[in-house]
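Participant: Quick one: the structure is below, questions incoming.
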Amino acid sequence: MEALIELIQYIVQNLINALQRGSFYAVISIGYSMVYGVLMLFNFAHGDIFMVATYIGFGIATLFLALFAGFIPGPLIFLATIVITMFLASWIGVFVEVAGYRPLRSAPRASAAITGLMIGIIFETSILILLGAKRLSFPPLMESIAYNVGGVYFTNVKVMIIIISLLLMLALHTFIQKTKWGMAMRAMSYDFLAVPLMGVSINVIAPLTFAVGAGLAAVAGILYGQAYPILDPYMGVIIGWKAFVAAILGGRGSIKGAALAGYLLGFIEIFVATIFPSTLRDLIAYSIILLILTYRPRGFFGMEHSTKLRL
Amino acid sequence: METARKFIKTFSNVPMLGWLIGFFAAVLIEYYWGYDYISYYLGLPKIPVLFGALIMLKEPIMIPGAIAYDLIVYVIPILFIAKVSIFFTNRVAAVLEKTPLWMSAIIHLAFFYGVLHLWAGINDYRVLIVKLTLISIILTISINVINGYQGEFSCSHPGFMAIGAYISSILTLYFFVNDKTFGTAVLSSELGPWLFPIALIAGGVAASLGSLLVAIPSFRTRGDYLAIISLAFMFIVKSAVENLNVIGGARGMGGQPDYAPLPIIFIWTILCIWVVHNFVTSIMGKALNAVRDDEAASESMTVKTRKTKMTAFMFGAFWAGIAGGLFAHVLAYINPGMFSINRLAEILAMVYFGGLNSIIGSIVGAISINVLGEALRPLELFKWIIIPLILILVMIFRPYGLISFKEINAKKLLRSKHKREQGA
Amino acid sequence: MSALLNVNKMTHYFGGLRAVYNYNLNIKPHQITGLIGPNGAGKTTIFNLITGVYTPTQGSITLENENIKGLETNEIAAKGLGRTFQNLALWRHMNVLDHIKMAHYSQLSYGLIGSFFNTTKCRQQETQIEENSYRLLELFDIKQHADQIVTNLPYGAQRRVEMARAMATNPKILFLDEPTAGMTPDELGQMIKIIRQVHQDFNVAIFLIEHRMKFVMELCQYIQTLVFGELIAEGPPEVIQNNPEVIEAYLGKEDLT
Amino acid sequence: MKKIACLVVVVFAFAMMFSTSAFSARKTIIRIGINAPMTGDIPKVGEGSKYAAMLWLEDIEKAGGLEVGGKKYEVDLVIEDNESKAESAVKANTKMITQDDVLAIIGPQSSKQAIPAGEVANKYKTVMISPWSTNPSTTLDRPYVFRGCFLDPFQGPVVANFITDEFGFSKAAVLYDVASDYPKGLAEVFKEAWEKKHGAGSIVAYQSFTTKDTDFSSQLTKIVKSGAEVLFTPQYYNEVPLIVRQAKDLGWKGPIVGSDSWGSAETVELCGESCYGLFFSTHYAAAGAKGATKEFIERYKANYGYVPDDVAALTWDALHLAQQAIQDAGKITGKIETDRTAVRNALAKIKNFAGITGNMTFTEEGDPIKCAVIVKINDKGEYEFYKSSCP
């Protein structure tokens, strides 16, 4: 009996861990997936957009805490940081689109992917030059309180991260489903060529998509700063590639798929390390992904599409 | 503009042999007078290693000296000798033209190697750069087979390279070296250099067998999903090696014997260029392009698409394995961290910079990125802003890379320029 | 004369959807057969079923009394079943000559090793194939385009490249999927001439899908009419022309004369 | 044609005129190479090495050059970035040795670059001192390669003994990075030493993650549930704060002990109060330092604004070792090969060198015999000397 309770505690504990990790992957990979769906491009700069957004968030948060801490309630500062960071970060997204991807509209997709990769390297190096080699510690925007409910440990920060991520995804879903812009994006991911004929310019939709993606990355960045408060210029690389995996695993242009794949990735990482010896984690986790794609070659919600690499 | 065109036209009747002789003369000048006279009087501390790029960026005050050095040692002698010697070189080229193409090519290559060896021999740093550049050429050509000719976006190349590097290192360490991982050598270490090609090929074959893990899913999966599969493959290889403590795990594996001097690497590079060139210009190899451009049409035209895809992956992986083996023996140390995302970004940059579907493009790409990476070393961090910017510009203005969809035409390259002048 | 290609009671479902039902076909050597029917009747599906892109749910397909059902498309093609596509399926980065050479793929016997090391056998075969390819180019009047990338060619020439490419596979039967789609009347006349010439010179049977009645009636010796995946009539042109069912179901009030 | 000839002549003449040192004889300059990771995974390590080297050069320049055999020579630093990559470190070493004619090389810092770079230095018979590489292979069978720190096989038992003596625990957990050679090696050594002391199975959780991971919750959950009394984590300064915080969030109550990789000033800066009261083994303790050590720390802090890491201190020591070896060699002949060998022989003979990180004498292999220090992070966030352990 005791053993059973302990097992349940163990599983619940890891479920919470996985939910938190998965939330980041989900939110970041949605941004990736949107660009992928609308423009059929790998936005390899997305991980670094996330990194820059986190640095912006760090700047805003530090500024606000220095100016207003004490006489403005904490949650308000938190909210303001998120909103302003989202706004600023979305311009980074627009910049990347206009400077890096727009000139390559008619180029092969692989070239655009390389451009993204290079923009990412430029971002990393620029941050390193501007801020030096020092790593930064993201200031806590809310006091972390640890709870112990029946042997399961969690903090209020963890709960908040999971809830905000879910709310964000819900909001995005509404945006995509209900608004004019969202519908244009959806249409674009169904048929890349037909939408411009309907009077919606790709030169409006594409930056918008990048902006929304970068905005999501900004929220993810601030939440990330709360959970893992160490910032360094290369922090976006691995998470970017993982978002790439999740976005494509979810199926082309499917927001739902990307979110699901993001959570799945989180679960795989946490539970593989739990069940197997943790040294084998990457080996097993990536083998699982390889197997999934071998047997489900279109991802989770992928549509049958005949696009090839435009080579 | 007009002057430049005229200037170039002046040299249109110089055959390849002429340029080689010019280069030879330049190297001789550098060899005999470079250190004692020319660089001394120009106030340079030593013979500038990469045409003065390093010294120019580090100490701007040396810029005039370095430029003058380049002019005196390279530009003027090469242009002068090449132009002056045409009466002779064109005739020799015409004679060579009558011999079989392979013979003419081998003579040219042997001469080229001799000059290169002399040039590199002035400074071991040059030797190292040339070695690593040649390995990069093999690597870039091999990924071009998959990403260019076959048109998949494969991210698994560092993985293939790792397999080749580890297998060949294990073989050479096990058989020819007394070391702490595998104990005493099984065979005499004198046999090592002779049997080294077998170890390399074993590495290549192992890499191509490993590539089946990516190739077989590619029957059902195309493009984007395959990119993920190949990425997963790369991580799997890295993680597997990390967990194998027998071969050093994350601590890496060192002490590989020095079986890869410059001539060996040069021969392997030429072999790679030759074999890949033969393959991609044959109908069998052009099937790769057919499958890339339209799979259904290829099937209907009797092309075995599955076999073709498998060939592309296995062939590309084989050469990546060879490159990995050479790389391991040049550095005499490998660890799994070397074959990860960073390496992938570098390989992708080289192939897309140089040009898809073109061997000559791959050569240009590999040389450019390698030399640029070395030459901009003194800029430290800013190097990683300038190189990406150059790549972005290339992508914008030449989306398929600098030289794409172009094959080497050895006959045209090596022919005498004499007759054409007369005919015109 | 025994049948060259025989399709017996072929039925195919896509998921739950019935695409083709109980389809029979019998092509004799050197015969030109036409398949007509309204859009979405399943004509191209029939092509794809016979050529092995899909494997039919039921029925049998034999080529010269040999079963070809369930084989890979490339194997079927190598057995002598050449085809063209409705929307040109050319290789965008390849020149015209390479298109024709590529279609000789099944005739290569030098193997991978041969191609790696450019063996004598490889060189001989490639030279021979190149000669053969030039002959075909000449025949289809596209020799002057040999070195051009195919996407830079005018539409009519691209169609001819596709035909030449299909003929290079050395087919016994040639499947033409709307060979005149998008052509001007001028080019149309030329195409009729080319098809006739191919039919004569290569001694092949032809099976074609077409929309233009005039074209079909002029060329074909035998015509099948397909509606919703089922044959409603077949016979020589005169019979089809006067079949009231065909006129009603497919041709409507169009004047045939 | 004429125009071009004119142009060439003009350019040439121009070049000659402006070449400042034209027609001047080549001076003998002592060049010291620094091979450090300025970019890549651990740029902070590169920065520390560079700053320490610059301080050293300042001293030399103030003295008007380095005096060898009664003659003063100009000293030049050649700082090369190894991008935290092995092949780049090899390239950098080859370049410095064959192109820049350095007399000695300081660096690379991490073992994964120091091992292959050491091969190059040894091949060209040039002294290389790696200040921070604790992997035994770096100096093994390489007469020209030295190091400035103790080795992993020494540090592991030191920590194991310390924990046993201090707390009396017998069940320990280890969390390390499987993809990085240093933590992996040290974790293995620690495990071996611990199990030798407390019997097999006394390491109740042996968990790993991969470089650049930021979430350790799954591993830490396992560790918490395993009933371990102490957690040993030989990780770098960027991972330590995350591990400590996440462990506390998941209900870890016991002490967490680290190794010399914790020794960066950034560890406590990033970690904050969560790290107060923790212990780690290292090369020197900044807080409460005396004498030369204190002087160095204060100068460094005044110049660059933060307390130097152990890397900086070790680099400083390595440079002074090189300096002393050069001076001991007696004279500079100008023939670089001869001078290098002379420096090597002098370096191997150095006994009881008084460095700021302790006294050093080299073994046959070129590894120094020196003491390890156990440091406690005190309530002010300073690294306070707690105990020292000598071989």
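The values are calculated or read from the model by the stated rules, or taken from the named source; none is laboratory data. On a predicted model such as this, the values are computed, not experimentally measured, just so you know. For neighbour counting, all protein chains shown are included, and Cβ atoms are generated from backbone atoms with ideal geometry for every residue, glycine included. Each accessible area value is taken on the protein alone, full model and side chains, heavy atoms only, with ligands, DNA and RNA left out. Shrake-Rupley method; radii C 1.70, N 1.55, O 1.52, S 1.80 Å.
Participant: Which number in (1) at pLDDT 85 or above; (2) in contact with a strand residue (DSSP E or B) (Cβ under 7 Å, 6 or more places away or on another chain) marks the one condition that D:Ser274 misses?
Facilitator: Going through the list (1) at pLDDT 85 or above; (2) in contact with a strand residue (DSSP E or B) (Cβ under 7 Å, 6 or more places away or on another chain), D:Ser274 breaks only (2).
Participant: Oh, and also: Take the conditions open to solvent by 40 Å² or more (accessible area, probe 1.4 Å), more than 12 Å from chain A (Cβ to nearest Cβ), closer than 24 Å to D:Asp367 by Cα and in contact with a helix residue (DSSP H, G or I) (Cβ under 9 Å, 6 or more places away or on another chain) and apply them to D:Gln323. Does it pass?
Facilitator: No: the conditions fail for D:Gln323.
Participant: Now for a different question. Do we find a residue being within 15 Å of the chain's Cα centre (by Cα), modelled with pLDDT under 90 and under 25 Å from D:Ala160 (Cα atoms) anywhere in segment D:225-241?
Facilitator: yes
Participant: A follow-up question, please. Taking the criterion of being away from chain A (no Cβ under 12 Å) and under 21 Å from A:Leu231 (Cα atoms), would at least one residue in segment D:203-224 satisfy it?
Facilitator: No, because not a single residue in segment D:203-224 is away from chain A (no Cβ under 12 Å) and under 21 Å from A:Leu231 (Cα atoms).
Participant: May I ask you to list the residues in segment C:31-47 that are surrounded by 22 or more Cβ atoms within 10 Å (Cβ to Cβ) and within 13 Å of chain B (Cβ to nearest Cβ)?
Facilitator: Within segment C:31-47, just C:Phe47 meets the criteria.
Participant: Please tell me if D:Glu273 is in contact with a Phe, Trp or Tyr (Cβ under 7 Å, 6 or more places away or on another chain) and in a helix (DSSP H, G or I).
Facilitator: no
Participant: Same structure, new question: Return the residues of segment D:225-245 that are open to solvent by 20 Å² or more (accessible area, probe 1.4 Å) and either within 10 Å of chain A (Cβ to nearest Cβ) or part of a loop (DSSP other than H, G, I, E, B) (or both); say none if nothing qualifies.
Facilitator: D:Lys225, D:Gly227, D:Glu229, D:Tyr236, D:Asn238, D:Arg245
Participant: When you go through B:Asn357, B:Asn335 one by one, which is the residue that is over 29 Å from B:Trp274 (Cα atoms), facing another protein chain (nearest Cβ under 9 Å) and touching a Gly at 6+ places or on another chain (Cβ under 7 Å)?
Facilitator: Step by step, each of B:Asn357, B:Asn335 is checked, and only B:Asn335 is over 29 Å from B:Trp274 (Cα atoms), facing another protein chain (nearest Cβ under 9 Å) and touching a Gly at 6+ places or on another chain (Cβ under 7 Å).
Participant: Taking into account only those residues within segment D:148-184 that are within 14 Å of chain B (Cβ to nearest Cβ) and in a loop (DSSP other than H, G, I, E, B), which is modelled with the highest pLDDT?
Facilitator: D:Val178
Participant: Only residues in segment B:258-275 that are open to solvent by 10 Å² or more (accessible area, probe 1.4 Å) count as the first member; pair them with residues that are in a loop (DSSP other than H, G, I, E, B), Cβ under 9 angstrom, at least 6 apart or cross-chain, and list the lot.
Facilitator: B:Asp258/B:Ala332; B:Trp268/B:Ala260; B:Ile273/B:Ile408; B:Trp274/C:Asn118
Participant: Now for a different question. Given (1) away from chain A (no Cβ under 14 Å); (2) open to solvent by less than 10 Å² (accessible area, probe 1.4 Å), where does B:Ile228 come up short, assuming only one miss?
Facilitator: Unmet for B:Ile228, out of (1) away from chain A (no Cβ under 14 Å); (2) open to solvent by less than 10 Å² (accessible area, probe 1.4 Å): (1).
Participant: Going residue by residue through segment C:57-68, is there one that turns out to be touching a Pro at 6+ places or on another chain (Cβ under 7 Å), away from every other protein chain (no Cβ under 11 Å) and farther than 21 Å from C:Asn170 by Cα?
Facilitator: Checked segment C:57-68: no residue is touching a Pro at 6+ places or on another chain (Cβ under 7 Å), away from every other protein chain (no Cβ under 11 Å) and farther than 21 Å from C:Asn170 by Cα.
Participant: Exactly one of (1) open to solvent by 20 Å² or more (accessible area, probe 1.4 Å); (2) modelled with pLDDT of 90 or more is unmet by D:Glu269. Its number?
Facilitator: Checking D:Glu269 against (1) open to solvent by 20 Å² or more (accessible area, probe 1.4 Å); (2) modelled with pLDDT of 90 or more, the one that fails is (2).
Participant: For segment C:188-240, list the strands (runs of 3 or more DSSP E) that sit wholly inside it and hold at least 3 residues that are at pLDDT 90 or above; which are they?
Facilitator: Once the strands (runs of 3 or more DSSP E) in segment C:188-240 are filtered for at least 3 residues that are at pLDDT 90 or above, what remains is C:205-209, C:222-227.
Participant: Kindly indicate which of D:Lys95, D:Lys112, D:Lys123 is over 27 Å from D:Thr363 (Cβ atoms) and either in the same structural domain as D:Leu321 (by TED's automatic domain parsing) or open to solvent by 10 Å² or more (accessible area, probe 1.4 Å) (or both).
Facilitator: D:Lys95
Participant: Working only within segment B:276-300, note down all residues that are of a type in the set (Asp, Glu) and either part of a helix (DSSP H, G or I) or open to solvent by less than 10 Å² (accessible area, probe 1.4 Å) (or both).
Facilitator: B:Asp293, B:Glu295, B:Glu299
Participant: Output the number of residues of segment A:7-53 satisfying the condition of being β-branched (Val, Ile, Thr) and touching a strand residue (DSSP E or B) at 6+ places or on another chain (Cβ under 8 Å).
Facilitator: Within segment A:7-53, residues that are β-branched (Val, Ile, Thr) and touching a strand residue (DSSP E or B) at 6+ places or on another chain (Cβ under 8 Å) number 2.
Participant: Tell me, which helices (runs of 4 or more DSSP H) wholly within segment B:1-64 include 3 or more residues that are open to solvent by less than 20 Å² (accessible area, probe 1.4 Å) and of a type in the set (Gly, Ala, Ser)?
Facilitator: B:16-29
Participant: Could you count how many residues in segment A:84-127 are touching a Gly at 6+ places or on another chain (Cβ under 6 Å) and within 8 Å of chain B (Cβ to nearest Cβ)?
Facilitator: Within segment A:84-127, residues that are touching a Gly at 6+ places or on another chain (Cβ under 6 Å) and within 8 Å of chain B (Cβ to nearest Cβ) number 2.
Participant: Do the conditions hold for C:Arg165, that is, is it of a type in the set (D, E, K, R) and free of Cβ contacts under 8 Å to residues at least 60 places away in the same chain?
Facilitator: No, not satisfied.
Rundown of residues vs (1) open to solvent by 10 Å² or more (accessible area, probe 1.4 Å); (2) over 22 Å from C:Gly34 (Cα atoms); (3) within 12 Å of chain B (Cβ to nearest Cβ), yes/no style:
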{"position": "C:Ile142", "(1), (2), (3)": "no, yes, no"}
{"position": "C:Asp147", "(1), (2), (3)": "yes, yes, no"}
{"position": "C:Val161", "(1), (2), (3)": "no, no, yes"}
{"position": "C:Ala164", "(1), (2), (3)": "no, no, yes"}
{"position": "C:Phe175", "(1), (2), (3)": "no, no, yes"}
{"position": "C:Val198", "(1), (2), (3)": "no, no, no"}
{"position": "C:Phe202", "(1), (2), (3)": "yes, no, no"}
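Participant: Now for a different question. Mind listing whichever residues of segment B:147-186 are in a helix (DSSP H, G or I) and among the hydroxyl-bearing types (Ser, Thr, Tyr)?
Facilitator: B:Tyr149, B:Tyr166, B:Ser168, B:Ser169, B:Thr172, B:Tyr174
Participant: If we scan segment B:260-271, do we find a residue that is within 13 Å of chain C (Cβ to nearest Cβ) and either outside any helix (DSSP H, G or I) or closer than 21 Å to B:Leu139 by Cβ (or both)?
Facilitator: Yes, that holds for at least one residue.
Participant: I need the full set of residues from segment D:343-370 which are crowded, with 17+ Cβ neighbours inside 10 Å and either of a type in the set (Lys, Arg) or within 30 Å of D:Leu278 (Cβ to Cβ) (or both), in order please.
Facilitator: Residues satisfying the conditions are D:Arg344, D:Gly355, D:Ile356, D:Thr357, D:Gly358, D:Met360, D:Asp367, D:Pro368, D:Lys370.
Participant: Another question, if that's okay. Looking only at segment B:400-412, which residues are open to solvent by 40 Å² or more (accessible area, probe 1.4 Å) and within 9 Å of chain A (Cβ to nearest Cβ)?
Facilitator: Listed by number, the list holds a single entry, B:Tyr400.
Participant: All but one of (1) free of Cβ contacts under 8 Å to residues at least 60 places away in the same chain; (2) open to solvent by less than 30 Å² (accessible area, probe 1.4 Å); (3) of a type outside the set (Lys, Arg) hold for D:Leu103; state the number of the condition that does not hold.
Facilitator: Looking at each condition in turn, D:Leu103 falls short on (1).
Participant: Taking the condition open to solvent by 10 Å² or more (accessible area, probe 1.4 Å), outside any helix (DSSP H, G or I) and closer than 21 Å to C:Gln158 by Cα, does C:Gly182 pass?
Facilitator: Yes.
A quick yes/no check of all residues on (1) away from every other protein chain (no Cβ under 13 Å); (2) closer than 13 Å to B:Met314 by Cα; (3) open to solvent by less than 40 Å² (accessible area, probe 1.4 Å):
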residue: B:Ala185; (1), (2), (3): yes, no, yes
residue: B:Ser189; (1), (2), (3): yes, no, no
residue: B:Phe196; (1), (2), (3): yes, no, yes
residue: B:Ala199; (1), (2), (3): yes, no, yes
residue: B:Ala207; (1), (2), (3): yes, yes, yes
residue: B:Leu212; (1), (2), (3): no, yes, no
residue: B:Ser218; (1), (2), (3): no, yes, yes
residue: B:Thr221; (1), (2), (3): no, no, yes
